[in-house]
1. Considering only the other residues whose Cβ falls under 15 Å of the Cβ of residue 110, what net charge follows from Lys and Arg at +1 and Asp and Glu at -1?
2. Give, as a single signed number, the net charge of other residues whose beta carbon lies under 10 Å from the beta carbon of residue 258, with Lys and Arg counted +1 and Asp and Glu -1.
3. In segment 276-301, whose amide N lies under 19 Å from the spot 7 Å out along Cα-to-Cβ of residue 210? List them in ranges.
4. Pop out the Kirkwood hydrodynamic radius of segment 132-398 from its pairwise C-alpha distances, inverse of mean 1/r, in Å to one decimal.
5. For segment 10-125, what does the convex hull of the Cα positions come to per residue, in cubic angstrom?
6. How do the peptides 343-356, 54-67, 234-247 rank, highest first, by the average count of neighbouring beta carbon atoms within 10 Å per residue?
7. Considering only 370, 288, 383, give the residue with the highest GNM mean-square fluctuation for the chain, with springs between Cα atoms whenever their separation is below 10 Å.
8. State, to one decimal in nm, how far the label point of residue 389 lies from the label point of residue 263, with both points 7 Å from Cα in the Cβ direction.
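Just so you know, all these numbers are worked out from the coordinates, no wet-lab data involved. None of the values given here were measured: they were computed from a predicted structure. Note that each Cβ is placed from the backbone with ideal geometry, even for glycine, and that neighbours are counted across all protein chains shown.
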Amino acid sequence: MGETRADAGRTGDPGTPVITGREQGSFARGVLAERHPALIKQVREAFPYGPRQQEALDALLHEIIHGVVEPLTRASPDRELWLAGGREHFGRPWFDAPFLWSESYFYRRLLGAVGYFDEGAWQGVDPFAPFKRAELRGATVEQELRALDDLAGVPAHERATALLLASLWGNRADLGFRGPEGGTVPGEADPRLVADDSAALWSLLAPGVRATVAVVADNTGRELIPDLVLADHLLEHGHAERIMLYVKPTPYYVSDAMTADVVDCLRRLGEAPGEAGRIGGRIWEYMGTGRFEVRTHAFFCAPFPYERMPDDLRSELAAATLTILKGDLNYRRLVGDRLWPATTAFDALTAYFPGPVAALRTLKSDVAVGLDPRTLERLEGSGRAWRTSGTHALIQVRTR
């Protein structure tokens, strides 16, 4: 993974509690106690795994619910990396470890259980591939791709706004690529956007500035396709000269995008008629000329905040005019997976980041910062689980 910076900095503030799964009824505990066991069952049913894999999955399930965190086997090449990065968590209940660490380690253990890293028939077989492919083949994706034709004649600045919102909301975007289901009255602020720094984002990507944009992807399928469509718009209309799309090196968090998923999405775009097919064809050509480049790094599957990113990755992102971080996990890693007061300044928590950074995130976990006090009061008074339900979103930008 390379060397990481040792300084803890703002995202490691010892005065703010780290999120764990200890608290009964908490979102984190629900993920560990319910979502992860359910995922083990889904993966088991998706493949005809043999006795070795079946037994390993049973052992992992029992360990999470009834046992303590066990280290990787001695034969695992990354055993020492995980020991060095979380030695204090081994031998203790899964619910006691920091949520960011335990979630990441769960996916590493799941891959180990199904033989993803081992020599043999199951080496390199993505256990989440059936779920990803089913989504791409679905009728909803087809409808959304056809809906791109409706945007082809819209003025460029309006199309840019629509595509940014589609990238933000991902698989909650409506068929017009204009935002979440339900919509809002034109000209009125969307109450589901708890923070909107989109004007600051566009100020960094004014046409003709020859910007290099780094996009750190989140999920594939219905979330990655809008990202690709937005990237095409940035390149076609001079908002960016070059785009670097960062994806995961291995399967992670079920639907996280890898290079193979990018190719699958591009093929899905390219096979579609009309505007979607033209977009897919252009991006394919951009990849051949280097204007659109897919990259990866082992750190994207690490259980650490971005403040600890290795120097080589830091240098790459420092060279970008803007880095756009997509999704909930990237947000947690950006600001620190802690119970920050929601009015904590976004700029302060991201001051370490090497250059301007934007977070496009649908809220699906407890962390939220940078909110206006009046907005927070409205959200807290709504009686809804606005932090974790995926019904709210944010665009936050640090411009320098």
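1. -3
2. That sum, taken over residues with Cβ under 10 Å, equals -2.
3. Counting only backbone N, you get 289-293.
4. One decimal place: 18.6 Å for the Kirkwood radius.
5. It is 119 Å³ per residue.
6. Order by mean packing, descending: 234-247, 343-356, 54-67.
7. In this elastic network of the chain, the residue with the biggest mean-square fluctuation among 370, 288, 383 is 383.
8. Computed distance between label sites residue 389 and residue 263 equals 4.1 nm.
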